[in-house]
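*Asks:* Have a look at the structure that comes next, please.
The values are calculated or read from the model by the stated rules, or taken from the named source; none is laboratory data. Because the structure is a prediction, the values reported are computed rather than measured. Cβ placement follows ideal geometry from the backbone for every residue including glycine, while neighbour counts extend to all protein chains displayed.
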Amino acid sequence: MSEFEHTQIVREMFDAWNSHDVARYSTVLHAACTVEWTTRRQSARGDLVGSETASAAMRQWLSVFPDLHFDVEATASSGGRVVASWRATATRADGGLETRGCSVVAVQGERIVNVWSYWDSDQMLRHLSEPQQRGSERDVSAHRVSAAS
């Protein structure tokens, strides 16, 4: 397969996430794939083996963040691996959140065999553990830094 085709398979994975289609996600994964993630300072880490386990994890993420969406900002492909940098957004009852990260994805044949994802979870974890209250000293939404500063 070409590097372009590898990239298309990775984009299909993100499209499945964005359409919240667990069955579609499962079809791009090899039955024995591994999905791993590490966040900044390894505050959270996960290792999943198998497309069924990865699909169950997807369902769990979507139950917490029902409108989770990934914007793939850039991709690079070489030697059967695709690197995708992305921005994830979601909302909850107490507001929205955003995090940036990247995934390194190994493709063999027409299936994904490994996914290693890395992201800075500080903002997401802070949002989940300390919901902002409008008007509080933690609410920085009204503070702007002037470009002339």
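To keep it simple, each residue is scored yes or no on (1) over 19 Å from Tyr25 (Cα atoms); (2) surrounded by 15 or more Cβ atoms within 10 Å (Cβ to Cβ).
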residue	(1), (2)
Val72	no, yes
Gly79	yes, no
Ala84	no, yes
Thr99	yes, yes
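*Asks:* Spot the failing condition for Trp17; the list is (1) at pLDDT below 85; (2) surrounded by 15 or more Cβ atoms within 10 Å (Cβ to Cβ), and only one is missed.
*Replies:* (1)
*Asks:* Something else about it: If I ask for residues that are assigned to a helix (DSSP H, G or I), in contact with a helix residue (DSSP H, G or I) (Cβ under 7 Å, 6 or more places away or on another chain), within 14 Å of Ala56 (Cα to Cα) and of a type outside the set (A, V, I, L, M), which ones from segment 3-29 would you list?
*Replies:* Hits for segment 3-29 are Trp17, Arg24, Tyr25, Ser26.
*Asks:* Given the options Glu3, Glu12, Glu52, name the one that is touching a Ser or Thr at 6+ places or on another chain (Cβ under 7 Å) and either at pLDDT 80 or above or within 22 Å of Ser78 (Cα to Cα) (or both).
*Replies:* Result of the check over Glu3, Glu12, Glu52: Glu3.
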